[in-house]
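Enquirer: Below you will find the structure I want to go over with you.
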Amino acid sequence: MGLIDPDLIRIEGLSVAFGGVPALLGIDLSVATGETLGLVGESGCGKSVTWLAALGLLPGSAAVSGSVRLDGQELVGAPVSVLERMRGGRVAMIFQDPASALNPVHRIGRQVGEAVSLHRGLSGAAARAETRRLLDEVGIPDAGGRMAAYPHEMSGGQNQRVMIAMALAGRPELLVADEPTTALDVTIQAQILDLLRRLRREHGMALVLISHDLGVVGEMCERVCVMYAGRIVEEARTEALFEAPLHPYTRGLAGALPPISGPRRRLTAIPGRVPEPWAMPPGCAFAPRCPERIEACDAAVPALRGNALRGDAPQGDARRVACIRAAA
Amino acid sequence: MIRFVAIRVARACLTILLVVTFAFVVLRLSGDPALLIMSPDAPAEAIAAFRHAYGLDRPIWQQYLHYFGAIMHGDLGQSMRDGRPALSLVAERIPATLVLTVTALVLKVGIGIPAGIFAALHRRGWIDRAVMALATAGFTVPSFVLGLVLVLVFSVQLRWLPSGGQESWRSVILPVITLGAGGAAILARFTRSAMLEVLGQPYIRAASAKGLPWGAVVRRHALPNAAIPTVTIVGFMVGSLIAGAVVVESVFSWPGVGRLLVIAVSNRDLAVVQTILLLVASTMVMSNLVVDLLYGVLDPRLRAVHK
Ligand SMILES: Nc1ncnc2c1ncn2[C@@H]1O[C@H](COP(=O)(O)OP(=O)(O)OP(=O)(O)O)[C@@H](O)[C@H]1O
Ligand SMILES: [Mg+2]
């Protein structure tokens, strides 16, 4: 702090445990103003928990430690009022299943309007007009008419657009999109990603895109963090990552990608399963599945080495990897 | 919507018809009222005359048709005890019962629902534990046991409250507590689990994520959703406003419908029993109907199905 920090949000040593079972084991991660960061990894590796912890949205049963700073202000352990102002205002989040992320008993106009009056202090006709404009902006046809619709009367893609409109209501500097297209058909997926790309450009917001799909992240993001079993195992600029993935896990993910022209599918090709949090191997968590494992892999957890994205390193060089066999 | 209501109303009428028929058949088959009401050593001619007067000497299907025709004209028959119309005999007992059951319902809803909400919001805290322990006790203890214990403590030992009768408002207190405790316990548990279910839904997290203060998340997003299942239970309770106090009225010798039912059953006073059962079935069916309609108001997803 004090020095000029190019980062909008900086996460350091973020750890989360649920009832003593660790889910996140010290995450270091930062997002610069206006940047797009992808977060990939198999199910359960802690992608969602990272951002839920950052926004203070985990249940009380979660033990969170480490630091999350937004423009230098610490969010871990911050007063509720600080968190509430930040949520939806500076950092907005959208979720995987839009149908269940919207309240089934309220009209969508009311739900978006709620965010509008919360963050913009508008009410009555002005709030309704702004709600309508937002729905229009995210491409809901007949926005005025659809305000009276309930979530169950809309398609999955439309509901995700509504969620995005709600997220835009507070004019956030960062939008965290947690698998925003996983629950949608392929064609709708592409439309939502296009929408996110356009909005990001027009609003200059930073975007964190969480995904199972390295392909989606590769298309959308400037920089990628690969997570495995509660840790970041590789971080690189997107081109560098695709050109030369350093971590065997990243190579596994990339190897599982279908040809560019083919249909997109889930990452399933790495043999074996993610170890359970209570049965972590003593060394590298990926070692039991790793085709390049050597004896030393089981000795200790490999550190994430390399030049992290710091103010003193040119962004193009940012590259970190947690593998004793990779020279970062 | 109209079709939906019409179907529900038709089904409600059918339910009442079934209850009435079932009660009619069971009551006629399970004993001869003439022998009970007349003294056992009454002359055979007197018993035969009694049977004839109430139509008991006719085949059961004729009795049923006759009974049914009379109901359609609003005639529910006469008490075999004192010959008064069964309906007015029952009707004059209703206010006393409602005093108990409606007050108890207010108690159930007023304590059970807030306690359940509170427990859910403080899940696993000491408040939650205390509420759940009380609630478990509340519905494990049978109401006649609770009633007797209350009488022992507050009437017999402490002499604070009357143990029966209907002299002043103070007579209402013990029966109402006895009647309300179990329901409040059930509602507390049910509301708690409905709330916990709703609080775990993604839209609650999403509402927090947009920056709403927790209180507003609970009020605007959790409660309206948790209300949907809770309404069912309250509906059941409303449905038992007439019949729900049989035990408690007996324990506290409260002159309501429940006690009349006990007396009428033991006397085989057929018309009175049938009238009470008809009334009970009607309130239950009516409250079910209201619950169904209320669902549509509370849950837009159902409204769409019914259109
Ligand atoms: N509320 C919770 N209570 C207990 N454990 C939890 C909770 N939320 C998450 N976890 C655990 O934390 C770990 C990380 O979960 P997280 O949801 O972050 O995974 P993810 O990478 O987002 O996976 P997915 O791709 O399936 O969304 C998992 O093992 C999960 O079981
Ligand atoms: Mg997730």
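The values are calculated or read from the model by the stated rules, or taken from the named source; none is laboratory data. What you see is a predicted model, and the numbers here were worked out from it, not measured in a lab. Here the Cβ positions follow ideal geometry from the backbone for every residue, glycine too, while neighbour counts run over all protein chains shown. All accessible areas refer to the heavy atoms of the entire protein, side chains included, with ligands and DNA or RNA removed. Shrake-Rupley method; radii C 1.70, N 1.55, O 1.52, S 1.80 Å.
Enquirer: Estimate the FRET efficiency between B:VAL26 and A:PHE18 by the formula 1/(1 + (r/R0)^6), using the beta-carbon distance for r and 56 Å for R0, to the nearest 0.05.
Expert: The formula returns an efficiency of 0.50 here.
Enquirer: Work the Kirkwood hydrodynamic radius out for chain B: mean of 1/r over every pair of different alpha-carbon atoms, inverted, in Å. Don't jump to the answer; show the numbers that get you there.
Expert: Details: mean 1/r = 0.0448 Å⁻¹.
Result for chain B, one decimal place: 22.3 Å.
Enquirer: Still on this structure: Run through region A:115-186 and list the trypsin sites (Lys or Arg not before Pro) located in a DSSP loop whose Cβ has at most 16 other Cβ atoms within 10 Å. Provide the component values of the computation, followed by the final result.
Expert: On the way: sites: A:ARG120, A:ARG128, A:ARG132, A:ARG133, A:ARG146, A:ARG161; in loops: none.
Loop-located and lightly packed - none at all.
Enquirer: Turning to a different aspect of this structure: Let me spell out the model: positive unit charges on the Cβ of Lys and Arg, negative unit charges on the Cβ of Asp and Glu, origin at the Cα centre of region B:94-255. What dipole size does that give, in debye rounded to 20?
Expert: Rounded to the nearest 20 debye, it is 660 debye.
Enquirer: Another question about this same structure. Taking the alpha-carbon set of region A:93-224, what are its Rg and Dmax in Å?
Expert: According to the Cα coordinates of region A:93-224, Rg and Dmax are 14.1, 44 Å.
Enquirer: Still on this structure, I have one more. With axes computed from alpha carbons, what is the tilt in degrees of helix B:60-72 against the longest principal axis of chain B, rounded to the nearest 10 within 0 to 90?
Expert: The helix B:60-72 is inclined about 60 degrees to chain B.
Enquirer: How much of the accessible area of region B:94-255, probe 1.4 Å, is carbon plus sulfur, in whole percent? Show your work: numbers first, answer last.
Expert: Working: 5240 of 7340 Å².
The nonpolar share, carbon plus sulfur, comes to 71 percent.
Enquirer: State, as an integer percentage, the relative contact order of chain B based on alpha-carbon contacts under 8 Å between residues 6 or more apart. Display every interim value, and only then the final one.
Expert: Details: 360 pairs, mean separation 84.3, N = 307.
The normalised contact order for chain B reaches 27 percent.
Enquirer: Over region B:94-255, calculate the relative contact order: mean separation of alpha carbon pairs under 8 Å at least 6 apart, over the residue count, as a percent. Provide the component values of the computation, followed by the final result.
Expert: On the way: 193 pairs, mean separation 60.5, N = 162.
Contact order relative to length: 37 percent.
Enquirer: What figure in square angstrom, to the nearest 10, would you give for the accessible area of B:HIS66 with a 1.4 Å probe?
Expert: B:HIS66 exposes around 110 Å² with every protein chain in place.
Enquirer: Shifting gears a bit: Which residue, chosen from A:ILE192, A:MET166, A:GLY144, occupies the Cα position most advanced towards the positive end of the dipole of region A:144-228, where the dipole is computed from +1 (Lys, Arg) and -1 (Asp, Glu) charges on Cβ about the Cα centre?
Expert: Towards the positive end, the residue furthest out is A:GLY144.
Enquirer: So what's the net charge close to B:ASP82: Lys and Arg +1, Asp and Glu -1, counting the other residues with Cβ under 15 Å from its Cβ?
Expert: Values: positive: B:ARG81, B:ARG84, B:ARG93, B:ARG268; negative: B:GLU92, B:ASP269.
Charge balance near B:ASP82 sits at +2.
Enquirer: Here's something else I'd like to know. Determine the shielding of peptide A:93-103 by partner chains: average, over its residues, the number of Cβ atoms on other chains within 10 angstrom of each Cβ. Before the final figure, lay out each step's value.
Expert: Details: counts 5, 3, 5, 1, 3, 3, 2, 5, 8, 4, 13.
The per-residue average across the peptide is 5.
Enquirer: Same structure again: Between Rg and the Kirkwood Rh of the protein assembly as shown, both from Cα atoms, what is the Rg to Rh ratio?
Expert: Expressed as Rg/Rh, it is 1.15.
Enquirer: Keeping the other protein chains in place, figure out the carbon and sulfur percent of the accessible area of chain A, with a 1.4 Å probe. The partial results should precede the final answer.
Expert: Details: 7270 of 13650 Å².
Carbon and sulfur atoms account for 53 percent of the accessible area of chain A.
Enquirer: Here's another thing I want to ask about it. Leaving out ligands and nucleic acids, note down the accessible area per residue over chain A with a 1.4 angstrom probe, in whole Å². Don't skip to the answer; put the middle values down first.
Expert: Working: 13650 Å² over 328 residues.
The answer is 42 Å² per residue.
Enquirer: Then there is this: Would you check the accessible area of B:TYR64, probe 1.4 Å, heavy atoms only, in square angstrom rounded to 10?
Expert: Only protein atoms counted, so the area is about 50 Å².
Enquirer: At a 1.4 Å probe radius, which order do B:MET38, B:MET237 fall into by accessible area, largest first? Please report the intermediate quantities before stating the final value.
Expert: Working: B:MET38 45, B:MET237 20 Å².
Sorted by accessible area, descending: B:MET38, B:MET237.
Enquirer: Another question, if that's okay. What is the sum of charges around A:SER48, taking Lys and Arg as +1, Asp and Glu as -1, for the other residues whose C-beta is under 11 Å from the C-beta of A:SER48?
Expert: Working: positive: A:LYS47, B:ARG205; negative: A:ASP178, A:GLU179.
Counting the neighbours of A:SER48, the net charge comes to 0.
Enquirer: With charges set only on the Cβ (+1 for Lys and Arg, -1 for Asp and Glu), what does the dipole of region B:2-88 come to about its Cα centre, in debye to the nearest 20?
Expert: Working: 8 positive and 6 negative charges, 127 e Å.
That gives a dipole near 600 debye.
Enquirer: Using the C-alpha atoms of chain A, what convex hull volume per residue, in cubic angstrom, is computed?
Expert: On the way: hull volume 46.2 nm³, N = 328.
Spelled out: Cα convex hull of chain A, divided by residues, is 141 Å³.
Enquirer: What trypsin sites (Lys or Arg not before Pro) does region B:84-146 have in DSSP loop regions with at most 13 other beta carbons within 10 Å?
Expert: Values: sites: B:ARG93, B:LYS108, B:ARG123, B:ARG124, B:ARG129; in loops: B:ARG93, B:ARG123, B:ARG124.
Passing sites in region B:84-146 are B:ARG124.
Enquirer: Suppose the Debye formula is applied to equal point scatterers at every Cα of region B:94-255; what is log10 I(q)/I(0) at q = 0.08, 0.12, 0.21 Å⁻¹?
Expert: The Debye formula, applied to the Cα set alone, gives -0.29, -0.59, -1.25.
Enquirer: List the relative contact order of region B:131-201 as a percent without decimals, with contacts defined as Cα pairs under 8 Å and 6+ residues apart. The partial results should precede the final answer.
Expert: Working: 52 pairs, mean separation 30.7, N = 71.
Relative contact order for region B:131-201 comes out at 43 percent.
Enquirer: From the P(r) of region B:2-88, could you give the percentage of C-alpha pairs in the tail past 16 Å? Provide the component values of the computation, followed by the final result.
Expert: Working: 2389 of 3741 pairs.
Roughly 64 percent, once rounded to a whole number.
Enquirer: For region B:195-209, which residues drop by 30 square angstrom or more in accessible area between the chain on its own and all protein chains together (1.4 Å probe)?
Expert: With the partner chains in place, region B:195-209 has these residues losing at least 30 Å²: B:PRO202, B:TYR203, B:ARG205, B:ALA206, B:SER208, B:ALA209.
Enquirer: Further question: Specify which residue in the list B:TRP254, A:ALA279, B:ALA42 is farthest towards the positive end of the charge dipole of the protein assembly as shown, using unit charges on the beta carbon of Lys, Arg (+1) and Asp, Glu (-1), about the Cα centre.
Expert: The Cα lying farthest towards the positive end belongs to B:ALA42.
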